[in-house]
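Take a look at the structure set out below.
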């Protein structure tokens, strides 16, 4: 598992434990209580996700507020219709499952490809040429905010769904799979949870244009 994936996943696991035990969550910056649904900041040095209250969200909702230390995870969700990613291109990525997410890591100075697994987020090698080809075919990728947004691809069950989402949503998916996965195939419950996750994601997403839009 990639180090950045470990940190973000550890944050979400802690949040899940707090929710399960009915402990009121707090802002990681000022200790104010936060509701179940709240925004996050990304610590750029540790790749850790931090819970943020409304006041801290307002404070950090400016690009210069966090300097080079923290960035507010955005709240925009976009479903990419007609996203151009052929089966041959997907096979060239050598991702062993049918889901993955891609985000630009400024510390590593490259786009990282991660896929969810029962063990947590796992990195898959992504060449610069592959990403540049995807960008050329899909200019909307150039709008993806470094570190805090991700391209999330779902090709399970014959689907060909692509989203631009806040990066914390990707780690929620990772946590969901790790929590509900059973046996070799995952079991019925985990796939129901995955279907519900993507249905909710699409319901809250605005539709963005396809290639060369």
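The values are calculated or read from the model by the stated rules, or taken from the named source; none is laboratory data. Note that the structure is predicted; figures quoted are calculated from it, not measured. Don't worry about glycine lacking a Cβ; one is built from the backbone with ideal geometry, like all the others, and counts go over all protein chains shown.
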Open item on the list: Among the residues of the stretch 172-189, what is the count of those that are part of a helix (DSSP H, G or I) and either exposed (fewer than 14 other Cβ atoms within 10 Å of the Cβ) or touching a strand residue (DSSP E or B) at 6+ places or on another chain (Cβ under 7 Å) (or both)?
Closed with: 6
- [ ] Among the residues of the stretch 148-163, write down those that are buried (at least 20 other Cβ atoms within 10 Å of the Cβ) and either outside any strand (DSSP E or B) or not assigned by TED's automatic domain parsing to the domain that holds residue 186 (or both).
- [x] 148
Task: Qualifying residues in the stretch 22-40 (those that are part of a strand (DSSP E or B) and touching a helix residue (DSSP H, G or I) at 6+ places or on another chain (Cβ under 6 Å)) - the one farthest from residue 68 (Cα to Cα) - done: 39
Open item on the list: Exactly one condition in (1) assigned by TED's automatic domain parsing to the domain that holds residue 112; (2) over 17 Å from the mean Cα position of the chain (by Cα); (3) modelled with pLDDT under 95 is false for residue 189; which is it?
Closed with: (3)
Task: Checking residue 197 against (1) under 23 Å from residue 52 (Cα atoms); (2) modelled with pLDDT under 95, the condition it does not meet - done: (2)
Open item on the list: I'd like the full set of residues that are surrounded by 10 or more Cβ atoms within 10 Å (Cβ to Cβ) and modelled with pLDDT of 90 or more, limited to the stretch 86-95.
Closed with: 86, 90, 95
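Among the residues of the stretch 101-115, write down those that are under 22 Å from residue 172 (Cα atoms) and part of a strand (DSSP E or B).
Here is the first cut: in the stretch 101-115, the residues under 22 Å from residue 172 (Cα atoms) are 101-106, 111-115.
Across the stretch 101-115, the qualifying residues are 101, 102, 103, 104, 105, 111, 112, 113, 114, 115.
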